[in-house]
Amino acid sequence: MAVHIQPVKGTHDILPEEQGAWQRVRRVVEATLPLYGFREITTPMFEATELFERSVGVATDIVEKEMYTFADSKGRRISLRPEGTAGVVRSVVSNGRLRAHPLDKLYYFGPMFRRERPQKGRFRQFHQFGVEVIGEASPTLDVEVIALLMRLLAAVGAGALELQVNSVGCPRCRPAYRDLLVAELEERMAQLCEDCQRRVTTNPMRVLDCKVPTCGEATAGVPLLIDHLCGECTAHLDQVKVGLAALDIPFRLNPRLVRGLDYYTRTAFEVVAAGLGAQATVGAGGRYDGLVEELGGPPTPAVGFAVGLERLIELMEVEAEAPSVVVYLAALGAEARRRGLQIAEALRAAGLSCELDHGDRSLKAQLKRADRLGARKVVILGEQELAAGTAVVRDLARREQETIPLAELAATLAQAA
Ligand code: HAM
């Protein structure tokens, strides 16, 4: 008995009718990124599990419960990548790129995998476009990277967005603040959700951006890192704010913004869209000055972001697809179909998209199909025409037709297209 196999929960197909929006994003990215000096990189979809444990962090939701991890035949632990930054940094280090490219500006597209509870805008296989700039610590670079993100989002027509910015400090100021926060949270333990009770020991800063309303109430008035940053982190954040203002990029300072990945230092940001419901973050990123060294490279500062493409495309206006078939070859009979094969190839060689009818259908049925495909011209190949070395070319919009010698067909149609 036949079985209907469904797509795996949380995965989805991108159907031909939807590809136009995906291609548009790609076109905008490819037109914009070279203006900023970026080049594309593609890294594997799976990596050693340890890479994500060391970068994203063992105590994050992503590594703790959302990774697809398996042992390969040699017993090595492998994970499908839950995000792109770790693989890019691994690649930069393992290929020794920093010597030749002390400032490496990279971008990538690709699928990511997280075993989250699926809902609108949240998938288990989703796609990101991301950029990483490796090799510069200046806050003006953070501003430039944010400006790039906002320019791209505007160029694809993502609509109204809010940019939120924060500083998550550095290894010099964060530990002392963390102790302060944990002490405060321990006092309020009973009011926190189950996840946050666990986070108090594993990842206390995440409690601050928990979406459970009672956690929000319970943490009202707790000390915030922004008031406990070291002098250098404060100066860095100030420079980012000044730079954003200089470029007229509106933003909201959100002192509770905490990213769900451990590698961040200093600048962290998210772009939130009004039209997306609960999963409203369309893109996010920040600085990760310690990650290159953590993964075996020389101490090297870096900053980047990633955009969730499913969420971005949800925000874009759908454009009507232009028909792709220009010429429809209506062949009447087996001999005409054989000649049709040659003619179709000649038309394609002349740059015309064309579709040949392979079925044994009546002219009426073939014309109907040509119309449905949106063809502009139909070339009718009948026995009589073939014998005379000609074809009838019908213009569907003008409702006119003419007889053209086969030898001139490609040139005539290409000229008219
Ligand atoms: P992230 O915030 O984990 O950051 O993900 C970036 C974006 O990916 C999110 O804002 C969201 O649009 C999209 N996204 C995440 N999870 C899902 C999901 N389950 N379904 C659909 N979309 C999703 C990162 O991944 C960092 N690597 C960003 C970065 C690059 N930071 C520095 N460089």
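The values are calculated or read from the model by the stated rules, or taken from the named source; none is laboratory data. Since we're looking at a predicted model, the values are computed, not measured. Ideal geometry is used to build each Cβ from the backbone, glycine not excepted, and the neighbour counts take in all protein chains shown.
Side notes on the structure shown:
- Just one of the numbered conditions (1) away from the ligand (no atom under 12 Å from the Cβ); (2) free of Cβ contacts under 8 Å to residues at least 40 places away in the same chain; (3) not in a strand (DSSP E or B) is not true of VAL93: (2).
This table checks each residue for (1) surrounded by 21 or more Cβ atoms within 10 Å (Cβ to Cβ); (2) modelled with pLDDT under 95.
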| position | (1), (2) |
| --- | --- |
| GLY275 | no, yes |
| GLY290 | no, no |
| GLY304 | yes, no |
| LEU309 | yes, no |
| GLU314 | no, yes |
| GLU317 | no, yes |
| ALA320 | no, yes |
| ALA330 | yes, no |
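- Lone unmet requirement of (1) of a type in the set (Gly, Ala, Ser); (2) out of contact with any helix residue (DSSP H, G or I) (no Cβ under 6 Å at 6 or more places or on another chain); (3) closer than 18 Å to LEU257 by Cβ for GLY157: (3)
- Options GLU53, GLU47, GLU66, GLU30; residue that is under 18 Å from the mean Cα position of the chain (by Cα), of a type outside the set (Ser, Thr, Tyr) and either closer than 29 Å to LEU148 by Cβ or surrounded by 15 or more Cβ atoms within 10 Å (Cβ to Cβ) (or both): GLU30
- Top-ranked residue in region 122-158 [being more than 30 Å from PHE70 (Cα to Cα) and in a loop (DSSP other than H, G, I, E, B); ranked as nearest to the ligand (Cβ to nearest atom)]: ALA158
- Check on GLY275, closer than 30 Å to HIS12 by Cβ, in contact with a helix residue (DSSP H, G or I) (Cβ under 7 Å, 6 or more places away or on another chain) and within 16 Å of the ligand (Cβ to nearest atom): yes
- Some residue of region 304-317 being over 21 Å from PHE113 (Cα atoms), aliphatic (A, V, I, L, M), touching a residue at least 60 places away in the same chain (Cβ under 8 Å) and assigned to a loop (DSSP other than H, G, I, E, B): yes
- Looking only at region 96-110, and only at residues there that are exposed (fewer than 15 other Cβ atoms within 10 Å of the Cβ) and in contact (Cβ under 8 Å) with a residue 12 or more places away in the chain, the one that is nearest to the ligand (Cβ to nearest atom): LEU103
- Entirely in region 341-417, the strands (runs of 3 or more DSSP E) that have 1 or more residues that are under 39 Å from the mean Cα position of the chain (by Cα) and either of a type outside the set (Asp, Glu) or surrounded by 11 or more Cβ atoms within 10 Å (Cβ to Cβ) (or both): 354-356, 377-381
- Some residue of region 138-148 being at pLDDT 95 or above and under 16 Å from GLU293 (Cα atoms): no
- Taking (1) modelled with pLDDT of 95 or more; (2) touching a Lys or Arg at 6+ places or on another chain (Cβ under 7 Å); (3) of a type in the set (D, E, K, R) in turn, GLU345 satisfies each apart from (2).
- Put simply, of THR300, THR281 the only residue that is near the ligand (Cβ under 7 Å from one of its atoms) and either at pLDDT below 95 or surrounded by fewer than 24 Cβ atoms within 10 Å (Cβ to Cβ) (or both) is THR281.
- Region 59-78, residues that are modelled with pLDDT of 95 or more and either within 16 Å of the ligand (Cβ to nearest atom) or assigned to a helix (DSSP H, G or I) (or both): ILE62, VAL63, GLU66, MET67, TYR68
- Residue tally, condition out of contact with any Leu (no Cβ under 9 Å at 6 or more places or on another chain) and in a loop (DSSP other than H, G, I, E, B), over region 265-294: 6
- The condition of being closer than 29 Å to VAL307 by Cβ and part of a helix (DSSP H, G or I) holds for only one of CYS170, CYS233, that being CYS233.
- Criterion violated by LEU185 - all others in (1) assigned to a loop (DSSP other than H, G, I, E, B); (2) buried (at least 16 other Cβ atoms within 10 Å of the Cβ); (3) over 28 Å from the mean Cα position of the chain (by Cα) satisfied: (1)
- Residue match in region 113-121 (condition: under 13 Å from the mean Cα position of the chain (by Cα), near the ligand (Cβ under 9 Å from one of its atoms), surrounded by fewer than 21 Cβ atoms within 10 Å (Cβ to Cβ) and modelled with pLDDT under 95): yes
- Of the residues making up region 134-157, those that are surrounded by fewer than 18 Cβ atoms within 10 Å (Cβ to Cβ), farther than 17 Å from ALA273 by Cα and among the aliphatic types (A, V, I, L, M) number 1.
- Residue satisfying all of: in region 122-133; among the charged types (D, E, K, R) and either out of contact with any Lys or Arg (no Cβ under 9 Å at 6 or more places or on another chain) or more than 20 Å from VAL29 (Cβ to Cβ) (or both); surrounded by the fewest Cβ atoms within 10 Å (Cβ to Cβ) among these: ARG122
- Whether a residue is farther than 19 Å from ARG26 by Cβ and of a type outside the set (Asp, Glu) was assessed, and LEU315 does not pass this test.
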